[in-house]
Amino acid sequence: MKNSLSLACLLAFSLLTPAMSNMAHADVAGVPTGFQLQAEAEKNTTMISTSDLKKMLNDELDMVLIDIRTATEIQNMDGKIDASQNVNIPRGWLEFRVQRVALSKDVPIVVYCGGGLRSPFAAKTLQKMGYTNVKNYSEGFFGWKKAGLPIKP
């Protein structure tokens, strides 16, 4: 059941992504869409790939890897990135809990979500809060899992 639910989530995401990207430029009376806001957030954030993240996890033991998905998402997607630096702070709590794990404003921080749609917003928020070394893992958990890299429940 759990695997079929995960497969259903992945399938729904892959089917919706092209349709949603077609709506990226559709706005009403100058009001930006979520995808336009996402693109704006990405402009001022360093985006990293799976290989970049893997290297950082090996080389930068003081970095903080923040998974912004909810506990339910983590459970339904069969886990999270297996790394000692990984912490879960759901997106809705990021502003209130980040200080517990990022003890200085210059600590390396990488944020990720399932597929890279929400994490640019988290990165932008952290930058607004004064964090100076923030990156976005744009491939998200799906990219990590697809690469066959270690995950844990």
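Nothing in this text is a laboratory measurement; each read-out follows from the coordinates by a stated rule. A quick note: this is a predicted structure, and the numbers were derived from the prediction, not measured. As a convention, Cβ positions derive from the backbone with ideal geometry for all residues, glycine included, and neighbour counts pool all protein chains shown.
Just a few scattered comments:
- Counting other Cβ atoms within 10 Å as a rough exposure proxy, the listed residues ARG100, ARG91 run ARG100, ARG91 from fewest neighbours to most.
- This model, with +1 at the C-beta of Lys and Arg and -1 at the C-beta of Asp and Glu, gives the range 35-152 a dipole about its Cα centre of some 200 debye.
- The residues LYS80, LYS105, when put in order of fewest to most other Cβ atoms within 10 Å, stand as LYS105, LYS80.
- DSSP assigns beta bridges within the range 35-152; of those with both partners inside it, close to 15 percent run antiparallel.
- Working note: Cα atoms of the range 35-152, range along each principal axis, descending, whole Å: 33, 33, 25.
- Order of GLU42, GLU139 under a 10 Å beta carbon neighbour criterion, fewest first: GLU42, GLU139
- Nearby lysines by direct alpha-carbon distance to LYS105 (threshold 18 angstrom, same-chain neighbours under 8 apart not counted): LYS124, LYS128, LYS135
- Computed over the range 35-152: relative contact order in percent, which uses C-alpha pairs under 8 Å that are six or more apart: 35
- In terms of packing, defined here as the mean over residues of other Cβ atoms within 10 angstrom, the peptides 70-76, 83-89 line up highest first as 83-89, 70-76.
- With a Förster radius of 22 Å applied to the beta-carbon distance between THR33 and LEU149, the computed FRET efficiency rounds to 0.10.
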